[in-house]
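What follows draws every value from the coordinates through simple rules; no lab data is involved. Given the structure is predicted, the values throughout are model-derived calculations rather than measurements. Note: ideal-geometry Cβ built from the backbone for every residue, glycine included; neighbour counts use all protein chains shown.
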Amino acid sequence: VSLVPDLEKINFSTASLYLELKKRNLAVTHVVRKLEVKKASSEIAQKLAVKENDPVFYFRTCGYTDKDQKIEYSIATYRGDMNSFIIDLKR
């Protein structure tokens with residue numbers, strides 16, 4: 001928040017976080033994402049319309065600028081029965 005003092009004023013229903021960061025020379029240039037498969041808690045089950053303890057994908061993501069400065073942290077949970085992911089690794 002200290003890097004983007006007007007963050008709370010941005011309407012993210014119409015604006016993109018990544019574009020807003022880029023405008024401020026804080027573009028996310030790489031991310032580190034951890035994927036786990038977990039059992040849905042009762043709260044998550046209700047929100048995702050699945051049964052409690054059904055498998056869900058749980059992502060934790062940290063986004064970094066080109067100067068390796070952490071700029072984004074997010075957590076996302078996806079239904080295990082309705083999503084697939086492609087992981088493309090290059091060396």
Long-range lysine pairs (8 or more apart or interchain), the chain, Cα under 23 Å | 17
Residue-count net charge about LEU3 - beta-carbon cut-off 12 Å; Lys, Arg +1, Asp, Glu -1 = 0
(1) -0.63, -1.25, -1.33; (2) -0.57, -1.07, -1.26; (3) -0.76, -1.09, -1.19: which one is log10 I(q)/I(0) by the Debye sum over Cα atoms at q = 0.15, 0.23, 0.26 Å⁻¹ as calculated from this entry?
-> (3)
Ranked output for segments 71-79, 29-37, 53-61 by mean other Cβ atoms within 10 Å, highest leading, reads 53-61, 71-79, 29-37
Estimated [θ] at 222 nm from DSSP helical runs (n ≥ 4, -39500 (n - 2.57)) normalised by residues in the chain, nearest 500 = -4000 deg cm²/dmol
Around SER74 (Cβ within 13 Å, Cβ-to-Cβ, excluding SER74; K/R +1, D/E -1) the net charge comes to +3
